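Working notes for the structure below.
Laboratory data are not the source of any read-out in this text; all were calculated from the coordinates shown. Please read these numbers as outputs of a predicted model, since none were measured by experiment. When we count neighbours, we look across all protein chains shown, and the Cβ atoms used for this are built from the backbone with ideal geometry, even at glycine.
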Amino acid sequence: MGNIYLSQSEPKLAIENYLQAVKVNPSFADGYYQLGFINYSILNDHESAVNYFKKSINYDPLNYNAYIYLGDIEYNSKKYDQALIYYQKAVKVNDKVAEPFYKLGLVYEEKQNENTAFSYYMRVLEINGKHEKALFKIGKFYDEKGNKDLAIDYYRKVEKENSENTEVLFYIGAAYFKIDKFDHAKSYLQKYTKLARNNRDAKILLARILGIEGKIEEQIEFLQSILDKGPITDEISLMLAHAYGKINNKEKEIEYYSELSKRGNNEAISFLRNNNISIS
């Protein structure tokens with residue numbers, strides 16, 4: 001009955017049913033597990049959840065899911081060493097399931113041991129080669145190491161598994177940009193800007209591509225459209241200063257360099273000094 005109430009979004013009735021069940025049978029491990037699950041996932045009562053998960057394990061030491069939830073509670077409390085113990089116990093009970101290995105990767109990332117985290121993410125893929133989050137983590141690992149080609153390979157696997165993952169479109173586009181494959185970069189960044197609300201970084205990269213392509217007037221117009229929807233930054237101001245310089249619009253070039261100099265930008269200060277323009 002507890003499972004029925006739970007499936008009908010009646011957690012309080014489910015709890016009553018499971019409490020009655022464990023009262024009748026004090027060694028009913030799944031009853032304690034379900035009580036832990038409801039308190040953790042629905043009621044957000046982590047203290048009660050820990051108590052019930054531990055009771056479940058006491059009667060069923062092979063319940064690896066209970067270990068995972070205990071690890072999650074410790075992880076979310078930033079108690080990474082304790083989380084590590086629980087996730088390792090889950091793996092010891094069942095090393096054929098990907099999730100505890102993925103969680104171990106997360107812990108080692110938090111402990112800034114990226115090589116060990118990488119090893120666990122690769123272990124996840126040995127179990128489930130389509131694990132979207134692990135594929136993304138491996139892609140980011142190679143991306144940060146500068147291996148953009150391998151990063152793109154993994155990012156595109158993420159895209160294949162989940163075409164609605166907009167975040168990965170940005171990472172693919174940015175990686176292509178870094179290896180000067182601007183047509184591919186533009187394609188992915190444009191897709192991203194159409195789907196994501198917070199797309200300023202992608203638009204800035206698209207503006208850079210316009211500059212590389214020599215489409216300066218279009219680049220200026222595009223940068224101005226970015227400014228219309230958000231604050232001015234040194235990055236955008238510099239791009240505009242450079243762009244106006246390329247089309248010999250000295251007035252606008254000096255205007256942007258002057259504003260940048262007021263914010264202490266070294267390139268702007270050097271430009272103004274080299275051109276004998278006073279810095280206000």
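See the values below:
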| item | result |
| --- | --- |
| Under-20-angstrom lysine pairs by C-alpha in region 197-280, whenever the two are 8 or more apart or on separate chains | 7 |
| Per-residue [θ]222 nm for the chain (sum of -39500 (n - 2.57) over DSSP H runs n ≥ 4, rounded to 500) | -23500 deg cm²/dmol |
| Packing-based ranking, highest mean first, of 223-231, 70-78 given that Cβ atoms within 10 Å are counted | 70-78, 223-231 |
| Label selected from [x] 161; [y] 198; [z] 180, the criterion being volume of the Cα convex hull per residue in Å³ as computed here | [z] |
| Cβ charges +1 (Lys, Arg) and -1 (Asp, Glu), total dipole of region 197-280, debye | 160 |
| Cα lying deepest toward the dipole's positive end in the chain, options 261, 275, 184, charges on Cβ | 184 |
| Centroid-to-centroid separation of region 95-137 and region 154-180 [C-alpha atoms, Å] | 19 |
| The chain, dipole about Cα centre (Lys/Arg Cβ +1, Asp/Glu Cβ -1), debye to the nearest 20 | 220 |
